[in-house]
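**Student:** Sharing a structure with you now.
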Amino acid sequence: MDIRNHLCEHILPQSLSYFENRKSGELISRLTNDINATQFGLSILFDSILLQPMRLVCGFGLAFYFSWKLSMFTFIFLPIIVIPVLVFGRKIKKYGRRSLTHLGELTDAMREMFSGIRTVKAFKMEDEEFIEFKTINSRFFKRMMQTVKAKALNASTTEFIYSLGLAAVIIVGGYVISSKTISPGSLGGFVTVTAFLVLTSIKKLAKSYGKLQESLSGASRVFELLDQHPTITDNPDAIELKEINNEIAFKNVNFAYDTIPVLKDINLTVQKGQIIAIVGESGAGKSTLLDLVPRFYDTTNGSIEIDGTDIRLIKRDSLLDQIAIVSQQTFLFNRSFKENILYGRRDANKEEVQDAAKAANIHNFITNLPKGYDTVVGEQGVKLSGGQKQRVTIARAILKNAPILILDEATSSLDSGSEKLVQKALDNLMKDKTTFVIAHRLSTIRHADRIIVLKRGCIVEAGTHDELIGKESEYKKQYKIQFNT
Ligand SMILES: Nc1ncnc2c1ncn2[C@@H]1O[C@H](COP(=O)(O)OP(=O)(O)OP(=O)(O)O)[C@@H](O)[C@H]1O
Ligand SMILES: [Mg+2]
């Protein structure tokens, strides 16, 4: 339980790119299956590692008491048993690791299949998905069988050597009796002690060693995750950001996902309380630009400064306290409306939640449901329409009421009627806030203080609506297309 808690606590603060570059099913598998495998090793610890050596010591003591010569003879068998145990132990660990990797793949395949079930059905891909699943499952099975075989070989080899040892003891013992150097009573005692204490303990220890190796294969994968530290962390000298007094400035900002450059030499200063709209074709880098403000990613070059302080020198918690985000991908938790909206500010009271929902024009819809605010919205909000989901995410941001507002296509799923209402709520919210708005529908950003046109990661035009429309600009071209004028 502690390892699982510790692992979860360790994974959650990792950067966004950490999760983007991993399969979530694989992470889930490490938190469940790998820890289960590790746990296996702990049960062995109490069963064998403590008890069996004690039995072994007692056994040897008694064996020496009965006949020290025969005891010395049994020592010859020890290395013969140890060698296969070590060899198979290594194999068990190696195959165990591989089968856990494949189990991770299997878990991820299931996660993807079920979360994309709509697409699977729409394209009639059930059969194909099943074939894919069977392929991954059989790969996992093969690796699992390798582990099982190595474990079986380990057990049977030790068993075989053990029996051989016992036979040798009896034969040699018989020979020693006939030469009259040992009494039949002592030989009987010696054989009993060797068979029931010494050799059984050795056999059990050998088996346990195999199991321990298997559990180490899980533990090694768990520790691998624990050894990776978050890349975006607080600087030791980081300061608390209390409020924004003047401006947010992008200074020569360059950004690349891995090696693919997305933003080039962005210079932009936004005064406190201004509304900045960012427009540009799909894939120009608008969302990426705004992802840099809450430090979802750090700039590759250049810096973003709030009142002259680089955001990398600000405590992340205090930075995020200042920002409310409505992101392009609407995401809701499979919890109630109330809990989803409260995500914006946990300590808000019932009235505040309802006021936020009213402003986002979703209150009436919620109260008409039989369970009202306690209605659960389904996984990723599947039980809601696109526009309803979007309005819940807006309510969440309204409730947070933070000084910096980031709206990425926040009203894109709304009909013109709802959009007008929600836009009014957002206009109220934007008062005295520093706002970044991304919108494809240019009608929603006419009143922005400044419009930035982004093209392939560069700012190509900037100005107010009137300035940009007054000259031959990219913005004007787009505006004409949208309004057919
Ligand atoms: N997480 C990511 N990892 C790697 N590349 C990414 C990632 N997110 C976006 N990109 C790439 O970065 C570029 C800019 O993407 P971005 O999402 O910022 O575009 P956008 O201007 O918001 O487009 P849209 O209007 O379609 O939302 C795209 O070429 C995209 O392929
Ligand atoms: Mg985008």
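**Student:** Out of region 390-406, which residues are closer than 19 Å to HIS440 by Cα and touching a helix residue (DSSP H, G or I) at 6+ places or on another chain (Cβ under 7 Å)?
**Tutor:** ARG391, ILE394, LEU405, ILE406
**Student:** Could you tell me whether SER178 is of a type in the set (S, T, N, Q) and in contact (Cβ under 8 Å) with a residue 24 or more places away in the chain? Show your work before the answer.
**Tutor:** Details: of a type in the set (S, T, N, Q): yes; in contact (Cβ under 8 Å) with a residue 24 or more places away in the chain: no.
No: the conditions fail for SER178.
**Student:** Can you tell which of TYR18, TYR65 is under 30 Å from LEU320 (Cβ atoms), assigned by TED's automatic domain parsing to the domain that holds ILE182 and more than 16 Å from ligand 2 (Cβ to nearest atom)?
**Tutor:** Residue meeting the stated conditions: TYR18.
**Student:** Just to be sure before I move on: is ALA122 of a type outside the set (D, E, K, R) and surrounded by 19 or more Cβ atoms within 10 Å (Cβ to Cβ) in the structure I sent?
**Tutor:** Answer is no for this residue.
**Student:** Let me ask something additional. Would you be able to say whether some residue in region 305-312 is more than 28 Å from GLY381 (Cα to Cα), touching a Lys or Arg at 6+ places or on another chain (Cβ under 7 Å) and either more than 16 Å from ligand 2 (Cβ to nearest atom) or outside the structural domain of HIS440 (by TED's automatic domain parsing) (or both)?
**Tutor:** yes
**Student:** Applying the selection to region 1-38, what residues are more than 16 Å from ligand 1 (Cβ to nearest atom) and of a type in the set (Asp, Glu)?
**Tutor:** First pass over region 1-38, keeping only residues more than 16 Å from ligand 1 (Cβ to nearest atom): 1-13, 25-38.
Listed by number, the residues that qualify are ASP2, GLU9, GLU26, ASP34.
**Student:** Going by the structure shown, is ASN21 out of contact with any Leu (no Cβ under 9 Å at 6 or more places or on another chain) and in contact (Cβ under 8 Å) with a residue 12 or more places away in the chain?
**Tutor:** No; evaluated as a whole, the condition is false for this residue.
**Student:** Which one is surrounded by the most Cβ atoms within 10 Å (Cβ to Cβ) among residues in region 327-339 that are part of a loop (DSSP other than H, G, I, E, B) and more than 16 Å from ligand 2 (Cβ to nearest atom)?
**Tutor:** LEU332
**Student:** Here is a list: PHE255, PHE223. Which entry is within 25 Å of the chain's Cα centre (by Cα) and within 16 Å of ligand 2 (Cβ to nearest atom)? Please lay out each step first, then the result.
**Tutor:** Working: PHE223 fails: within 16 Å of ligand 2 (Cβ to nearest atom).
Of the residues listed, the single one that is within 25 Å of the chain's Cα centre (by Cα) and within 16 Å of ligand 2 (Cβ to nearest atom) is PHE255.
**Student:** Let me ask you something else. Quick one: which of GLY273, GLY283, GLY302 is away from ligand 1 (no atom under 16 Å from the Cβ), in the same structural domain as GLN328 (by TED's automatic domain parsing) and in a loop (DSSP other than H, G, I, E, B)?
**Tutor:** Among GLY273, GLY283, GLY302, only GLY273 is away from ligand 1 (no atom under 16 Å from the Cβ), in the same structural domain as GLN328 (by TED's automatic domain parsing) and in a loop (DSSP other than H, G, I, E, B).
**Student:** Considering region 179-211 alone, what residues qualify as being assigned to a helix (DSSP H, G or I), under 15 Å from LYS69 (Cα atoms), more than 60 Å from the chain's Cα centre (by Cα) and among the small types (Gly, Ala, Ser)?
**Tutor:** SER186, GLY188
**Student:** So which helices (runs of 4 or more DSSP H) are wholly in region 39-127 and hold at least 3 residues that are aliphatic (A, V, I, L, M)?
**Tutor:** Helices (runs of 4 or more DSSP H) meeting the threshold: 51-66, 77-115, 117-122.
**Student:** Same structure, new question: Just the residues that are surrounded by fewer than 17 Cβ atoms within 10 Å (Cβ to Cβ), farther than 30 Å from VAL148 by Cα and in contact (Cβ under 8 Å) with a residue 12 or more places away in the chain, please, taken from region 190-232.
**Tutor:** Those that are surrounded by fewer than 17 Cβ atoms within 10 Å (Cβ to Cβ), farther than 30 Å from VAL148 by Cα and in contact (Cβ under 8 Å) with a residue 12 or more places away in the chain: GLN228, PRO230, THR231, ILE232.
**Student:** Just checking, how many residues over region 421-478 are charged (D, E, K, R) and either within 16 Å of ligand 2 (Cβ to nearest atom) or outside the structural domain of ILE406 (by TED's automatic domain parsing) (or both)?
**Tutor:** Looking only at that region, the number is 3.
**Student:** Would region 141-151 turn up any residue that is under 19 Å from LYS23 (Cβ atoms) and either outside the structural domain of ILE202 (by TED's automatic domain parsing) or in contact with a His (Cβ under 7 Å, 6 or more places away or on another chain) (or both)?
**Tutor:** yes
**Student:** Of the residues LEU320, LEU290, LEU313, only one is away from ligand 1 (no atom under 16 Å from the Cβ), within 30 Å of GLN388 (Cβ to Cβ) and within 31 Å of the chain's Cα centre (by Cα); which? Break it down stepwise before answering.
**Tutor:** Details: LEU290 fails: away from ligand 1 (no atom under 16 Å from the Cβ); LEU313 fails: within 30 Å of GLN388 (Cβ to Cβ).
The match here is LEU320.
**Student:** Looking for whichever is closer than 24 Å to GLU409 by Cβ, touching a helix residue (DSSP H, G or I) at 6+ places or on another chain (Cβ under 8 Å) and not in a loop (DSSP other than H, G, I, E, B) here; the options are LEU289, LEU263, LEU225, LEU216. Which one fits?
**Tutor:** Going through LEU289, LEU263, LEU225, LEU216 in turn, the sole match is LEU263.
**Student:** Take the residues of region 261-281 that are within 16 Å of ligand 2 (Cβ to nearest atom) and either free of Cβ contacts under 8 Å to residues at least 12 places away in the same chain or of a type in the set (A, V, I, L, M, F, W, C) (or both): which is nearest to ASP449 (Cα to Cα)?
**Tutor:** Once the filter is applied, the top-ranked residue is ILE276.
**Student:** Right, here's the next one. Within region 313-326, is there a residue that is among the hydroxyl-bearing types (Ser, Thr, Tyr), in the same structural domain as LYS400 (by TED's automatic domain parsing) and away from ligand 2 (no atom under 16 Å from the Cβ)?
**Tutor:** Checking region 313-326: at least one residue is among the hydroxyl-bearing types (Ser, Thr, Tyr), in the same structural domain as LYS400 (by TED's automatic domain parsing) and away from ligand 2 (no atom under 16 Å from the Cβ).
The values are calculated or read from the model by the stated rules, or taken from the named source; none is laboratory data. Computed from a prediction, not measured in an experiment: that's the story for all the values here. Quick reminder, even Gly has a Cβ in these numbers, built from the backbone with ideal geometry, and neighbours come from all protein chains shown.
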